[in-house]
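Heads up, the thing below is written out as C-alpha cells.
The values are calculated or read from the model by the stated rules, or taken from the named source; none is laboratory data. Just so we're clear, the structure is a prediction, and the values are computed from it rather than from any experiment. For neighbour counting, all protein chains shown are included, and Cβ atoms are generated from backbone atoms with ideal geometry for every residue, glycine included.
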C-alpha cells in the first residue's frame, strides 16, 4: 500500500513538471512567431498594425462597416433608459 502511494506521488510530481515545461515551451514558441494577419494569415507588418497590407486592413474595415462583424449587446434603449418606441427608429 505504501509503495503504491509513493509511486502515485512520483507520477503526480512528474506530470506537474511536464505540464509546467509544456506551458513554458508554448509561451516561447508563440513569442518567437510574428503575429498573423487575421484576414489572410500572412505575417503582420508593423506599418499596418495587425494586418499584412493596406488591402487586408481595408477588407477588415469594410467588414465592420457593412455589419459582418458585430459586438453583442442589449437591445436599443432610449437615452433616458426606457425601451425604444415601436413606431420609431429604423425604416
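If you check every pair at least six apart or on different chains, which have Cβ atoms under 9 Å apart with a residue in the stretch 43-56 that is at positive phi and in a loop (DSSP other than H, G, I, E, B) first and a residue that is surrounded by 12 or more Cβ atoms within 10 Å (Cβ to Cβ) and at pLDDT 95 or above second?
These pairs meet every condition: 49/57.
Condition check: in contact with a strand residue (DSSP E or B) (Cβ under 8 Å, 6 or more places away or on another chain), at pLDDT 90 or above and surrounded by 10 or more Cβ atoms within 10 Å (Cβ to Cβ). Does residue 37 satisfy that? Write out each step before concluding.
Details: in contact with a strand residue (DSSP E or B) (Cβ under 8 Å, 6 or more places away or on another chain): yes; at pLDDT 90 or above: yes; surrounded by 10 or more Cβ atoms within 10 Å (Cβ to Cβ): yes.
Against the criterion (in contact with a strand residue (DSSP E or B) (Cβ under 8 Å, 6 or more places away or on another chain), at pLDDT 90 or above and surrounded by 10 or more Cβ atoms within 10 Å (Cβ to Cβ)), residue 37 qualifies.
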